[in-house]
Each structure stands twice: as C-alpha cells, then as structure tokens.
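*Asks:* Starting off with a structure, shown below.
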Amino acid sequence: MIMIPTRGKVILDRENKGEQTTEHGIVYSEKQKDYWIRGQVMAIGEGKMHSSGRIHEADFSVGDNVIYDMRKVNGYSSYDIVDFDDIVGVICESE
C-alpha cells in the first residue's frame with residue numbers, strides 16, 4: 001500500500017513503539033513516557049498553506065530522523081501522521 005499525506009502533513013515511522021521496560025522489569029505505558037518521541041520521515045505532503053496565502057515547505061526530507069510531539073499524533077496502521085508544526089527538530093548524526 002502506498003500512502004501519500006495531504007497538504008501540511010508528514011508520515012513518520014516511530015522508534016520504540018509499544019511498551020518499554022526498565023532494567024528492573026518495570027513496564028512503562030505510552031502515558032508514562034516522555035511526550036517527545038523520535039521517528040523517521042517516511043513521506044511528506046505538499047507545503048502547508050498559511051493564512052497569508054504563502055506556502056511553507058518542510059525543513060526536513062524523507063529519511064531524516066526527527067523529534068515530534070506524541071500528543072498530536074494521528075495514527076494509521078503502524079505509522080504516525082502529524083502536521084509540519086508538530087515536528088520540533090531534525091536529528092543530525094554527525095561524527
């Protein structure tokens with residue numbers, strides 16, 4: 001299946017989905033984890049239209065690892081769908 005996001009939306013593949021446990025075996029649910037999560041950009045919709053009529057293009061590209069707000073996620077299948085504005089940063093893997 002191919003999924004193409006609409007204007008201003010991004011499809012992300014979240015890292016570490018589901019439950020996480022500590023070294024002592026304590027299980028943390030989604031509500032107990034941090035609100036900022038990491039994921040990889042899978043697809044980007046067309047630029048987001050602002051009220052002024054200008055189109056704002058994404059500051060990231062497909063394949064980038066990003067940090068985004070888990071409280072704003074709309075999920076479909078195994079992917080997360082968020083607005084451009086909900087991505088707070090791109091992770092740069094430099095040596």
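*Asks:* Are any residues in region 2-21 assigned to a loop (DSSP other than H, G, I, E, B) and at pLDDT 60 or above, and if so, which ones? Lay out the reasoning, then the answer.
*Replies:* Taking region 2-21 as the starting set, the residues that turn out to be assigned to a loop (DSSP other than H, G, I, E, B) are 2-8, 15-19.
Matches in region 2-21: I2, M3, I4, P5, T6, R7, G8, E15, N16.
*Asks:* A follow-up question, please. Report, by residue number, each residue of region 53-71 that is under 19 Å from C92 (Cβ atoms) and part of a strand (DSSP E or B).
*Replies:* Hits for region 53-71 are N65, V66, I67, Y68.
*Asks:* Turning to a different aspect of this structure: Hey, can you tell me all the residues within region 78-95 that are farther than 11 Å from L12 by Cβ, touching a residue at least 12 places away in the same chain (Cβ under 8 Å) and assigned to a loop (DSSP other than H, G, I, E, B)?
*Replies:* Answer for region 78-95, where residues must be farther than 11 Å from L12 by Cβ, touching a residue at least 12 places away in the same chain (Cβ under 8 Å) and assigned to a loop (DSSP other than H, G, I, E, B): just E93.
The values are calculated or read from the model by the stated rules, or taken from the named source; none is laboratory data. What you see is a predicted model; the values in this text were computed from it and never measured. FYI the Cβ positions are ideal-geometry reconstructions off the backbone, even for glycines, and counts take in every protein chain you see.
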